[in-house]
Amino acid sequence: MARTLRVIEDISFSGIGIHSGEPCEVLLRPGDSSGIFFDLPGGFFPVEAADCDGSSRGTRLVFPDGSEILTVEHLLGALAGLEVWSAVISVKGPEIPAMDGSARIFAESIAKAAGPGFEIEPISIIRGIALGDPSRGGFISVIPSDAFEITCAIRYEAKGIGCQVFEGVVTPETFRDDIAPARTFVLASEIEGILKSGLGRGGAFDNVLVVKDDTPPAPGDLRLPDEPVRHKVLDIIGDLATLGAPLRGRVVAYRAGHDLHLELVRRIRRSLVPA
């Protein structure tokens with residue numbers, strides 16, 4: 001068992017949804033036990049009760065009462081990255097507000113409102129799990145480890161991003177300093193297609209890092225070195241938080257995305273069920 005933190009006072013956030021473009025609000029309040037729960041019109045559900053979909057440039061949760069919440073990964077990433085595993089989440093609007101496109105604002109507020117929590121059994125990886133997507137040459141895997149570690153690599157043909165790698169143990173300190181500030185990013189050439197697909201309606205320069213295809217961002221335009229790959233690490237942490245408990249394992253990802261992250265979650269869950 002491990003003792004984690006909990007939300008000990010109410011925290012609220014409001015803003016525009018990055019995909020819907022609609023006003024959204026979220027309230028975090030203290031829970032009475034370990035676990036991340038959603039307080040919805042049709043019931044009170046742990047995050048692991050949701051069906052997770054990662055097919056549309058973000059993570060969508062669909063709960064047993066039919067409620068849907070879009071773009072949950074940055075908020076869940078902030079909770080998991082800071083080892084806060086007791087909170088109740090209420091949402092008004094179709095998605096979690098984008099804030100500045102990263103988890104920094106969530107993490108700063110959660111850190112101030114967190115205190116001693118409950119014991120929770122971490123999910124320990126006993127045997128390796130791996131899966132891939134040949135269509136894009138991407139894969140993700142997890143192997144046993146005594147800590148939560150992530151190695152993530154991305155590769156874009158566009159020179160504006162190119163190849164980037166992040167490797168490290170995820171602790172509250174490394175999350176706060178090295179991962180949480182990394183913003184959602186997009187190549188300039190992708191914007192028109194995203195808008196035509198009905199997504200990105202709330203995207204703007206204050207919540208998205210826009211990268212030119214042929215020119216890397218100037219150092220002054222970045223919050224962190226290799227900011228795009230660090231944002232991918234944030235997405236991995238947020239998506240793995242849908243397990244509902246801390247993970248002990250080393251995750252290795254290359255050209256992965258929300259769909260592969262969430263398929264890994266499903267396979268981890270299946271591996272925990274006795275044969």
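Go through region 180-200 and report how many residues are in contact with a Pro (Cβ under 7 Å, 6 or more places away or on another chain) and part of a loop (DSSP other than H, G, I, E, B).
Our first condition is that a residue be in contact with a Pro (Cβ under 7 Å, 6 or more places away or on another chain); within region 180-200, this holds for 185.
Filter once more, so that each one left must be part of a loop (DSSP other than H, G, I, E, B): none.
Here the count works out to 0.
Restricting to region 182-196, what's the tally of residues that are more than 21 Å from Val233 (Cα to Cα) and either touching a residue at least 12 places away in the same chain (Cβ under 8 Å) or of a type in the set (A, V, I, L, M) (or both)?
5
Please work out which residue is surrounded by the most Cβ atoms within 10 Å (Cβ to Cβ), limiting yourself to region 186-230 and to residues that are within 13 Å of Gly160 (Cα to Cα) and within 14 Å of the chain's Cα centre (by Cα).
Residue satisfying both the conditions and the ranking: Pro228.
Of all residues being under 11 Å from the mean Cα position of the chain (by Cα) and β-branched (Val, Ile, Thr) in region 231-275, which is farthest from Gly137 (Cα to Cα)? Just the residue, please.
Thr242
Working only within region 106-127, note down all residues that are surrounded by fewer than 16 Cβ atoms within 10 Å (Cβ to Cβ) and either in contact with a helix residue (DSSP H, G or I) (Cβ under 6 Å, 6 or more places away or on another chain) or in a strand (DSSP E or B) (or both).
Across region 106-127, the qualifying residues are Gly115, Pro116, Glu119, Ser124.
Regarding Arg104, is this residue free of Cβ contacts under 8 Å to residues at least 40 places away in the same chain and under 14 Å from the mean Cα position of the chain (by Cα)?
So Arg104 does not fit the description; no.
Quick check on my filter: what residues within region 129-155 are in contact with a strand residue (DSSP E or B) (Cβ under 7 Å, 6 or more places away or on another chain), charged (D, E, K, R) and part of a loop (DSSP other than H, G, I, E, B)?
Residue satisfying the conditions is Asp146 alone.
What number of residues in region 240-275 are more than 22 Å from Ala49 (Cβ to Cβ) and assigned to a loop (DSSP other than H, G, I, E, B)?
Number of matching residues: 4.
Any idea which of (1) modelled with pLDDT of 95 or more; (2) on the phi < 0 side of the Ramachandran plot is the one Gly220 doesn't satisfy?
(1)
For region 35-67, enumerate the residues that are at pLDDT 95 or above and among the polar types (S, T, N, Q).
Thr59, Ser67
Every residue, every condition in (1) in contact with a Leu (Cβ under 8 Å, 6 or more places away or on another chain); (2) surrounded by 24 or more Cβ atoms within 10 Å (Cβ to Cβ); (3) of a type in the set (Val, Ile, Thr); (4) at negative phi, yes or no:
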{"position": "Gly66", "(1), (2), (3), (4)": "no, no, no, no"}
{"position": "Ala78", "(1), (2), (3), (4)": "no, yes, no, yes"}
{"position": "Leu82", "(1), (2), (3), (4)": "yes, no, no, yes"}
{"position": "Val88", "(1), (2), (3), (4)": "yes, no, yes, yes"}
{"position": "Ile96", "(1), (2), (3), (4)": "yes, yes, yes, yes"}
{"position": "Arg104", "(1), (2), (3), (4)": "no, no, no, yes"}
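The values are calculated or read from the model by the stated rules, or taken from the named source; none is laboratory data. The shown structure was predicted, so the numbers you read here are calculated from the model rather than taken from an experiment. As a convention, Cβ positions derive from the backbone with ideal geometry for all residues, glycine included, and neighbour counts pool all protein chains shown.
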